[in-house]
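Down below is the structure, laid out as structure tokens.
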Amino acid sequence: MSLGVALGGHVHPFEDLLALTRRAEALGYDAVYVDGDATLRPSRPDAPVLDGWTVTAALLTRTERIQVGSIRLVHHWQAARLAQAAATLAALAPGRLRFLISIGGRPADRRFGLPLPGDRERIEWLDETLVALRALWAGESVRCRGHHVTLDGARLPAPLHTRLPIEVAARRARLLEVVAAHADRWDVNLPPVRARVEAAAALLAQACRRRGRDPASIGRSLWVFHRLGPASDAQRAFRRWNPWFADIGDAELNEAVCSGSPQQCRARIEQIRHDLGVDLPVVDLTGLPRELAQESLEALAGA
């Protein structure tokens, strides 16, 4: 059974990320996710803010089997440039790039001179981008004049030889429409609170039916915030490292995290896999220093 790990929070220098990724690979983990675009502010003042795309490329060239990904935010990239960058990594490490994308929405982006239109516009931008990416990766000459993506005969030097799966992170109805239209995998942008995940899954199923698509054809990943030890410690850490989930109530916190002994955490991951239809649980170790992150990797290997 597949298991991934997320090493986020901008707390690790590259040497530690490389060591943890290689250890995860040796332990049999299938995928590792690292931090995303560089406008994310550091969560510790002394931590490096490494660009996720650069780190993804470096890790892919210094590992052998494990898949590596980091989230792309659509308004940070021009579509043809993103298509070429992803095709390059797919060629350098065949079958090992996890191409995860979504709309973002952090006000700090404006400090870097990046556009930040409203949610509806960024969703439309993502839809146009994914149409262009598929065509470019297929070797087509692409002409389009959308609201956000304009190409005039753009074409990659060589098409991809195999299909690059697209993962879209989403939890609300309009973005789930994009998942139904384009994604090979739904990255469930929710903690493992059953009622919330099932409600989002129902919206995705409706969107798939409108397109004549079987929702079971879309893979499902879900990040599981994890800490060995007391649930209260895990819940406090969840609040610190996941400010975008502020709407998760205190009554839901126990369900939102994975904590306790290694045996209890393994059982919780299997419950999530079974109850929520998740084929790739991703153990979220965001914020843990290297030694504690490696301890968790060892404890949950094979879950």
For the stretch 278-294 the number of residues that are surrounded by fewer than 17 Cβ atoms within 10 Å (Cβ to Cβ) and touching a strand residue (DSSP E or B) at 6+ places or on another chain (Cβ under 7 Å) is 1
Taking the stretch 105-119 and keeping only residues that are charged (D, E, K, R) and either within 21 Å of LEU222 (Cα to Cα) or open to solvent by 20 Å² or more (accessible area, probe 1.4 Å) (or both), one is left with ARG106, ARG110, ARG111, ASP119
Practice item. Could you tell me whether any residue of the stretch 91-104 is open to solvent by 20 Å² or more (accessible area, probe 1.4 Å), among the polar types (S, T, N, Q) and at negative phi? Key: no
Of the residues in the stretch 249-260 that are at negative phi and either touching a residue at least 12 places away in the same chain (Cβ under 8 Å) or touching a strand residue (DSSP E or B) at 6+ places or on another chain (Cβ under 6 Å) (or both), the one that is most open to solvent (accessible area, probe 1.4 Å) is ASN254
Given the conditions (1) more than 22 Å from GLY287 (Cα to Cα); (2) free of Cβ contacts under 8 Å to residues at least 40 places away in the same chain; (3) in contact with a Lys or Arg (Cβ under 9 Å, 6 or more places away or on another chain), every one holds for THR63 apart from (2)
When restricted to LEU92, LEU82, LEU17, the only residue among the aliphatic types (A, V, I, L, M) and closer than 28 Å to ALA299 by Cβ is LEU17
When every residue in the stretch 218-270 that is of a type in the set (Val, Ile, Thr) and part of a strand (DSSP E or B) is compared, the one farthest from LEU176 (Cα to Cα) is VAL257
Filter the stretch 208-226 for residues that are free of Cβ contacts under 8 Å to residues at least 40 places away in the same chain and open to solvent by less than 70 Å² (accessible area, probe 1.4 Å); the one that is farthest from THR286 (Cα to Cα) is ARG213
Taking the stretch 85-141 and keeping residues touching a residue at least 60 places away in the same chain (Cβ under 8 Å) and under 24 Å from ALA173 (Cβ atoms) leaves PHE99, LEU100, ILE101, SER102, ILE103, GLY104, ARG106, ASP109
**Item:** Meets criteria (touching a residue at least 24 places away in the same chain (Cβ under 8 Å), more than 26 Å from ARG72 (Cα to Cα) and out of contact with any Phe, Trp or Tyr (no Cβ under 9 Å at 6 or more places or on another chain)) for GLU177
**Value:** no
Among strands (runs of 3 or more DSSP E) entirely inside the stretch 4-109, those with 3 or more residues being hydrophobic (A, V, I, L, M, F, W, C) are 67-73, 97-102
Scan the stretch 210-217 and give yes if some residue there is part of a helix (DSSP H, G or I), hydroxyl-bearing (Ser, Thr, Tyr) and modelled with pLDDT of 95 or more, otherwise no.
yes
Counting only residues in the stretch 40-64 that are of a type in the set (D, E, K, R) and at pLDDT below 95, the one farthest from the chain's Cα centre (by Cα) is identified as ASP46
For the stretch 261-275, the count of residues that are within 19 Å of the chain's Cα centre (by Cα) and open to solvent by less than 10 Å² (accessible area, probe 1.4 Å) equals 2
Scanning the stretch 227-238 for residues that are charged (D, E, K, R) and touching a residue at least 12 places away in the same chain (Cβ under 8 Å), the one nearest to ALA299 (Cα to Cα) turns out to be ARG227
query: Looking at ARG122, is it closer than 17 Å to GLN78 by Cα, touching a Leu at 6+ places or on another chain (Cβ under 9 Å), surrounded by 15 or more Cβ atoms within 10 Å (Cβ to Cβ) and modelled with pLDDT of 95 or more?
result: yes
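The values are calculated or read from the model by the stated rules, or taken from the named source; none is laboratory data. Remember, predicted model here, so these are calculated numbers, not experimental data. Cβ coordinates were reconstructed from backbone atoms using ideal geometry, including for glycine residues, and neighbour counts include every protein chain displayed. Calculation scope for accessible area: heavy atoms of the full protein, side chains included, ligands and nucleic acids excluded. Shrake-Rupley method; radii C 1.70, N 1.55, O 1.52, S 1.80 Å.
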